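Below: one structure, written as structure tokens.
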Amino acid sequence: QQQVKQSPQSLIVQKGGISIINCAYENTAFDYFPWYQQFPGKGPALLIAIRPDVSEKKEGRFTISFNKSAKQFSLHIMDSQPGDSATYFCAASENGGGNKLTFGTGTQLKVEL
Amino acid sequence: DGGITQSPKYLFRKEGQNVTLSCEQNLNHDAMYWYRQDPGQGLRLIYYSQIVNDFQKGDIAEGYSVSREKKESFPLTVTSAQKNPTAFYLCASTLGTSQSEKLFFGSGTQLSVL
């Protein structure tokens, strides 16, 4: 049972463009939504996270948009750079579940010159 | 340098063999985790431990075992009962056990079956 669905599986964006990755969840008890970035051969690293009490969170070129009623959230990477080429995972956890995260299946982003 | 060290980077398992993946952290973190990563399937939780001498099963614990005898160490054994062990294994830790704790990951071990 996949509780967090992520799309697209892969994405190619031109340098300077906007990269958009979408996630949808089913479990209404989820209330913490982080995004992790993974470079080849490395472990993931936390990029940005959001709670459902806000609809948007921005950190530099990275923005999370959150739609509680639709149970969807997305990552927007503005002015995408070749150094952003990586795999991105959305995730979710329940309050009271500690930090047991349910991860999406990942999106492989390639930013071309 | 503080961080999580996983070894070996590559590991090969023969049929019927148990193998152990090492995970050591010098971050003084309380909680440690093992995830399995398969292409197109994201990360799935195998086991986690919130304190020394205690651990809980994750979503896919069958065929795996762990121990947590020291705060800094959380080895994972892939037993012969795990019929499809080929995957990238990631160890992680968090300072505490609250929901928004950041996961710190090691660089992973790629396990393959001979």
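Residues in the range B:67-85 that are surrounded by 14 or more Cβ atoms within 10 Å (Cβ to Cβ) and assigned to a loop (DSSP other than H, G, I, E, B): B:67, B:68, B:71, B:72, B:74, B:75, B:79, B:80, B:82, B:85.
May I ask you to list the residues in the range B:1-18 that are surrounded by fewer than 19 Cβ atoms within 10 Å (Cβ to Cβ), touching a residue at least 12 places away in the same chain (Cβ under 8 Å) and not small (Gly, Ala, Ser)?
Start the filter on the range B:1-18 by keeping residues that are surrounded by fewer than 19 Cβ atoms within 10 Å (Cβ to Cβ), which leaves B:1-3, B:5, B:7-18.
Going one step further and asking which of them are touching a residue at least 12 places away in the same chain (Cβ under 8 Å), we end up with B:2-3, B:5, B:7-18.
Listed by number, the residues that qualify are B:5, B:8, B:9, B:10, B:11, B:12, B:13, B:14, B:15, B:17, B:18.
Scanning the range A:40-56 for residues that are closer than 22 Å to residue B:44 by Cα and more than 10 Å from every other protein chain (Cβ to nearest Cβ) yields A:40, A:47, A:48, A:50. Among the residues of the range A:6-34, count how many are under 11 Å from residue A:107 (Cα atoms) and within 14 Å of chain B (Cβ to nearest Cβ). The qualifying residues number 7. For the range A:2-15, state whether one or more residues are under 30 Å from residue B:109 (Cα atoms), among the basic types (Lys, Arg) and in contact (Cβ under 8 Å) with a residue 40 or more places away in the chain. Yes, that holds for at least one residue. The numbered conditions (1) closer than 24 Å to residue B:40 by Cα; (2) away from chain B (no Cβ under 11 Å); (3) of a type outside the set (Lys, Arg) are all true for residue A:59 except (1).
Mind checking whether some residue in the range B:86-101 is within 14 Å of chain A (Cβ to nearest Cβ), acidic (Asp, Glu) and buried (at least 17 other Cβ atoms within 10 Å of the Cβ)? Looking through the range B:86-101, at least one residue is within 14 Å of chain A (Cβ to nearest Cβ), acidic (Asp, Glu) and buried (at least 17 other Cβ atoms within 10 Å of the Cβ).
Of the strands (runs of 3 or more DSSP E) lying entirely inside chain A, not one contains at least 3 residues that are among the basic types (Lys, Arg). The residue that is surrounded by the most Cβ atoms within 10 Å (Cβ to Cβ), counting only those in the range B:19-46 that are outside any strand (DSSP E or B) and within 12 Å of chain A (Cβ to nearest Cβ), is B:29.
We did not get these values from a lab; they are worked out from the coordinates using the rules stated. What you are looking at is a predicted structure, and each value in this text was computed from that prediction instead of being measured. Glycine also receives a Cβ, built like all others from the backbone with ideal geometry; neighbour counts cover every protein chain displayed.
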